[in-house]
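Below is one structure; the comments refer to it alone.
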Amino acid sequence: MTNDKGILIKNIYYMLTYAFQSLRQSNYDSVATEDFENIHDMFAAILGKGVANQLKQGLYKEYILQSEELSVLRGKLNLQGTIKNRTQHRQKLACEYDELSENNLLNRILKTTIMILIRQKTVKPDRKVLLKKNLILFENVDMIEPDQIRWDRIRYQRNNQSYRMLMNICYLVLGSLLLSTDKGETKLAVFLDERSMHSLYEKFILEYFRYHHPEYKANPDTIPWNIDDGMIDFLPGMVTDITLKSAGKVLIIDAKYYGHTMQTQYDVSSIHSGNLYQIFAYVKNLDRNQTGNVAGMLLYAKTQEQITPNNKYSMDGNTIWVRTLDLNLPFPQIAEQLEKIAGDYFGSGKFDRTGIGTDRRCEGIIEYGI
């Protein structure tokens, strides 16, 4: 089993499983038991199964505005276009109407991602066969240029909720594109980029605590500024990555996924100053009564650097931790690290031993506990 920048590829699958509940379904059992040699072969396996499941339900359709010149009125009349036709002696009405179509953004992203994975030499032939089979039903869907996708404009509702996991897989794949190659072909980078992995890393930690420790009420939290005069104009919002709460105590976790855990200046390594200022601000503004019952933690994904911080600081009555999470270990050991994080602050808590799916799928996650 290979790794992606120090993360076992199998663990990336487990992280995705926590982040997206749909991967816990039995449809993905065969994916869970495989050992993947590269990250994009794994994505091809997930996408092949996921798109096949979606096609059984039918592709998502939405109303798309169409413009057409017709002999009879359909929809709304485009007056300017119709007048132009008359001046050119064309007896056509310029019409605009909404038509229910599968040629929408979500399906375009899916088709584009499938096409790119099919062209990759690192994707196994059997995966390509399934992807090509899926592609037949995308005949009426256009491709889209990856750099034209506005991911922040994608909105989910009841009719397209099943696309959420698929879109996130597409985001991870398209985020690793190398558009310029010697032959002018589109290729995928060997590793995932930091921005993509940071989102997955953060979501994984949040969902881990939600799943195994509901008593901690894990959620992102908005922290109000502790202002004396009430003037908050132009102050930035403070939204935590993960906030854990239990028995009157609060732990704010800020998840960080960087290529370099430490900053270096004049050959001296130190914690990223901006990260430390941020977590300190979160803690002090939340603990407005100075009880000391609010703590903060910078939780870095471990890199291949020699320095791996594991420090505890007492700052003005509050505790700030700086720790690293080693993702290049068997998954039960990753879970053990997360359990220790919560246990060191809250004390021993209950652990949900039901795991995800079956022990065959998750290689012993069920058996793990404290």
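On the protein heavy atoms, probe 1.4 angstrom, tell me the percent of accessible surface of the chain carried by carbon and sulfur.
Numbers: 9510 of 19570 Å².
C and S fraction of accessible area: 49 percent.
How large are Rg and Dmax for the chain when only the alpha carbon atoms are used, in Å?
For the chain, the Cα-based Rg and Dmax read 25.1, 83 Å.
Rg to Rh ratio, region 292-341, alpha-carbon atoms and Kirkwood radius? Could you put the intermediate results ahead of the total?
Values: Rg = 12.4 Å, Rh = 12.0 Å.
Rounded to two decimals, Rg over Rh is 1.04.
How far is helix 331-346 tilted, in degrees, relative to the longest principal axis of the Cα atoms in the chain, given as a value from 0 to 90 rounded to the nearest 10?
Tilt of helix 331-346: around 60 degrees.
Report the full-extension gain for the segment Q333 to S22: residue separation times 0.36 nm, less the Cα-Cα distance, to one decimal in nm. Display every interim value, and only then the final one.
On the way: separation 311, 0.36 × 311 = 111.96 nm, distance 2.41 nm.
Extra length available between Q333 and S22 comes to 109.6 nm.
Report the FRET efficiency, 1/(1 + (r/R0)^6), for Y63 and D126, where r is their Cβ-Cβ distance and R0 is 30 Å, rounded to 0.05. Provide the component values of the computation, followed by the final result.
Details: r = 38 Å, r/R0 = 1.25.
Efficiency at R0 = 30 Å is approximately 0.20.
How much of the calculated P(r) for region 1-82 lies past 22 Å, in percent of all Cα pairs? Write out the running numbers ahead of the final one.
Numbers: 1616 of 3321 pairs.
Tail fraction, whole percent: 49.
Gaussian network model of the chain, Cα springs within a sub-10 Å range: biggest mean-square fluctuation belongs to which of Y300, Y97, Y60?
Maximum fluctuation in the GNM of the chain, among the listed residues, is at Y97.
Specify the residue with the greatest mean-square fluctuation among H260, H89, H198, computed from a Gaussian network of the chain linking alpha-carbon atoms under 10 Å apart.
H89
If one takes the longest principal axis of the Cα atoms in the chain, at what angle in degrees, from 0 to 90 and to the nearest 10, does the Cα axis of helix 9-19 lie?
So the inclination is approximately 80 degrees.
Grab the Cα-Cα distance for L77 and Q278, subtract it from 0.36 nm times how many residues apart they are, and report the gain in nm with one decimal. Could the numbers behind the result be given before it?
Values: separation 201, 0.36 × 201 = 72.36 nm, distance 5.50 nm.
Gain on extension, L77 to Q278, equals 66.9 nm.
Which FRET efficiency, nearest 0.05, do D228 and S314 yield, Cβ-Cβ r, R0 25 Å?
On the way: r = 25 Å, r/R0 = 1.01.
That gives a FRET efficiency of 0.50.
Quick check: pseudo-label points 7 Å beyond the Cα along Cα→Cβ at D344 and E215, how many nm apart are they?
2.1 nm
Keeping all protein chains in place, calculate the accessible area per residue for the chain (probe 1.4 angstrom), answer in Å².
Details: 19570 Å² over 370 residues.
Dividing the accessible area of the chain by its residue count gives 53 Å².
List the residues of region 251-286 whose backbone N lies under 14 Å from a point placed 7 Å from the Cα of L235 along the Cα-to-Cβ direction.
281-286
Rounded to the nearest angstrom and ordered from largest down, what semi-axes does the equivalent ellipsoid of region 3-155 get from its C-alpha gyration tensor (root of 5λ)?
Working: eigenvalues 371, 44, 41 Å².
Listed largest to smallest, the semi-axes of region 3-155 are 43, 15, 14 Å.
Which pairs, out of K203/K312; K61/K84; K10/K256; K10/K133, put more than 30 Å between their alpha-carbon atoms?
Values: K203/K312 24 Å; K61/K84 33 Å; K10/K256 20 Å; K10/K133 26 Å.
Over 30 Å Cα-Cα: K61/K84.
At 1.4 Å probe size, with no ligands or nucleic acids counted, give the accessible surface of I227 in Å², nearest ten.
For I227, solvent-accessible area is about 60 Å².
Per DSSP H run of n ≥ 4, the term is -39500 (n - 2.57); total these for the chain, divide by its residue number, and report the mean residue ellipticity at 222 nm rounded to 500 deg cm²/dmol.
About -11000 deg cm²/dmol.
So if I place +1 on the C-beta of Lys and Arg and -1 on the C-beta of Asp and Glu, and nothing else carries charge, what would the dipole magnitude of the chain be about its Cα centre? I want it in debye, nearest 20.
On the way: 45 positive and 44 negative charges, 263 e Å.
It comes to approximately 1260 debye.
Of the beta bridges DSSP finds with both residues in region 294-333, what % are antiparallel, to the nearest 5?
45 percent
The values are calculated or read from the model by the stated rules, or taken from the named source; none is laboratory data. What you see is a predicted model, and the numbers here were worked out from it, not measured in a lab. When we count neighbours, we look across all protein chains shown, and the Cβ atoms used for this are built from the backbone with ideal geometry, even at glycine. Surface accessibility is based on the protein's heavy atoms, side chains included, excluding ligands, DNA and RNA. Shrake-Rupley method; radii C 1.70, N 1.55, O 1.52, S 1.80 Å.
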